[in-house]
Amino acid sequence: MTKLFLLASAALIALASPAALAAQPDPAAIHQRALVLDSHVDVPQDLGVGGKDFGVDGDGQIDLPKLERGQVDVAVLAVFVPQGPRTPEGYAKARQDADAKLAAITAIAQRYPDRTVLARSSDDVIAAARAGKHAIIVGFLNAYPFGESLEPIDAYYRAGVRSFGFVHAGNNAYADSSRPSGEPKVEWGGLSPLGKAAVAKLNDLGVIIDVSQLTPDGVFETLKLSRAPVVASHSGVKGVVDAPRNLSDAELDAIKANGGVVQVVAFGPYLVNPGPDFPAKVAALRVRYGLPAVYAKTSDGADVLTPEHRLDYVHAVNALLPKATVKDLVDSVDYAVKRIGIDHVGLSSDFNHGGGVVGWANEGEAAGVTAELVARGYSEADIDKLWGGNYLRVFKAVEAEARR
């Protein structure tokens, strides 16, 4: 069913009878009317193959059947390749993997044109929702596959990329990571000269700059240089959990001043404190897997474990963590809204990369977030902004700056 947008919703509310206005809010109806946008989702390397076909109700956390059940209108699917050796060979392999993911994401709309649209603009997002289709925005995370060059940005823009995040776990030639791995904690002091040049290029093209995963210095430097608002596509808040990836109050304030938006991520370790005995439990687990009790060269044991054992280890660590719920997610939303206002906060899942909470474990359960927001007293206009309105506002502002 075609979605109604904020202005249309407001008009309907204004025309409603006093009895209707006095009625209790209906979370299901509010969710159906909202433009529901998930600003960061990962995809498997074999997206589109067999059970990983986007049209199949598979074992991943996102696909078309789940988007339809959850009435999720827009998903930002990330072209993401993890950090590897900063060598010509490493860059070439990473670029090959990134190109394959990019092709698989853009192929979704080609395979399912009656259900999806590849959104290259904010207008495309709106048109897709009005047509009852799901908009796919191509995001990009971790400039590592681009090596020491800006040139690939143009090709990826032409292919449809409209959101760009500089780093993941590990520094690269563009910027420092909030989670350095096997390299100096501070390499560039924020952005490298290449990263600074990328800010201007992305502004010129009309690509949303994503500050998630950057160090605080990187966030502040990006905000100083960017002529357009930015997005933190999948971040938590340090005021709730003091994790290196979470944003401090000063960073939240700076993103607000920039006109940007912080998309609070449904990732349990960034929403719930693991407790004082968690480090000791992880140390014991590491020893069981043949790793040093304290972190060695890398944070995930990549220098010791095979890929299969590494995945087992990560799952075992996650099993030690308390299970976060939709209530925990909205607790962080509450914190951010109180700090920087309803116009600068949004929602994201980080599905297929550790994201998901009890009550929003896959895209099919997105309405559970809306129900919790309604229970907390958020108005329909507020929920419209949190789900998609604020992100779309930034997208429009980024496009406007590029046209200037």
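The values are calculated or read from the model by the stated rules, or taken from the named source; none is laboratory data. These figures come from a predicted structure and were not determined experimentally. Note: ideal-geometry Cβ built from the backbone for every residue, glycine included; neighbour counts use all protein chains shown.
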*Kindly check whether there is at least one residue in the range 122-145 that is assigned to a strand (DSSP E or B), touching a residue at least 40 places away in the same chain (Cβ under 8 Å) and either over 26 Å from ASP204 (Cβ atoms) or out of contact with any Gly (no Cβ under 9 Å at 6 or more places or on another chain) (or both).*
yes
*State whether the residues of the range 171-193 include one that is farther than 26 Å from ASP253 by Cβ and under 20 Å from the mean Cα position of the chain (by Cα).*
yes
*Out of (1) in contact (Cβ under 8 Å) with a residue 12 or more places away in the chain; (2) over 25 Å from LEU214 (Cβ atoms); (3) outside any loop (DSSP other than H, G, I, E, B), what's the single condition that is false for ILE153?*
(2)
*Can ARG245 be described as of a type in the set (Lys, Arg), surrounded by 18 or more Cβ atoms within 10 Å (Cβ to Cβ), part of a loop (DSSP other than H, G, I, E, B) and in the same structural domain as VAL138 (by TED's automatic domain parsing)?*
yes
_Just the residues that are under 16 Å from ASN246 (Cβ atoms) and outside any loop (DSSP other than H, G, I, E, B), please, taken from the range 179-230._
ASP210, LEU214, PRO216, ASP217, GLY218, VAL219, PHE220
_Need pairs with beta-carbon distance below 6 Å; first residue at pLDDT 95 or above and basic (Lys, Arg) and within the range 232-254, second surrounded by fewer than 16 Cβ atoms within 10 Å (Cβ to Cβ) and not in a helix (DSSP H, G or I); sequence gap 6+ or separate chains._
LYS238/SER248
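Listed here are the residues, each with its yes/no results for (1) in contact (Cβ under 8 Å) with a residue 60 or more places away in the chain; (2) surrounded by fewer than 20 Cβ atoms within 10 Å (Cβ to Cβ); (3) over 16 Å from the mean Cα position of the chain (by Cα); (4) more than 30 Å from VAL314 (Cβ to Cβ).
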{"position": "GLY355", "(1), (2), (3), (4)": "yes, no, no, no"}
{"position": "ALA361", "(1), (2), (3), (4)": "yes, yes, no, no"}
{"position": "ALA381", "(1), (2), (3), (4)": "yes, yes, yes, yes"}
{"position": "GLY389", "(1), (2), (3), (4)": "yes, no, no, yes"}
{"position": "LEU392", "(1), (2), (3), (4)": "yes, no, no, yes"}
{"position": "GLU399", "(1), (2), (3), (4)": "yes, yes, yes, yes"}
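Regarding ALA250, is this residue outside any helix (DSSP H, G or I) and out of contact with any helix residue (DSSP H, G or I) (no Cβ under 6 Å at 6 or more places or on another chain)? Before you say what the answer is, go through the steps one by one.
Numbers: outside any helix (DSSP H, G or I): no; out of contact with any helix residue (DSSP H, G or I) (no Cβ under 6 Å at 6 or more places or on another chain): yes.
No.
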*Taking the stated definitions as given, is ALA169 aliphatic (A, V, I, L, M) and at pLDDT below 95?*
yes
*Take the residues in the range 253-274 that are part of a helix (DSSP H, G or I) and of a type outside the set (Lys, Arg), then tell me which one is nearest to ALA200 (Cα to Cα).*
ASN258
*Has the range 303-311 got at least one residue that is closer than 24 Å to VAL240 by Cα, among the aliphatic types (A, V, I, L, M) and either modelled with pLDDT of 85 or more or assigned to a helix (DSSP H, G or I) (or both)?*
no
*Do we find a residue being within 26 Å of ASN390 (Cβ to Cβ), assigned by TED's automatic domain parsing to the domain that holds GLU68, under 19 Å from the mean Cα position of the chain (by Cα) and surrounded by 24 or more Cβ atoms within 10 Å (Cβ to Cβ) anywhere in the range 145-162?*
yes
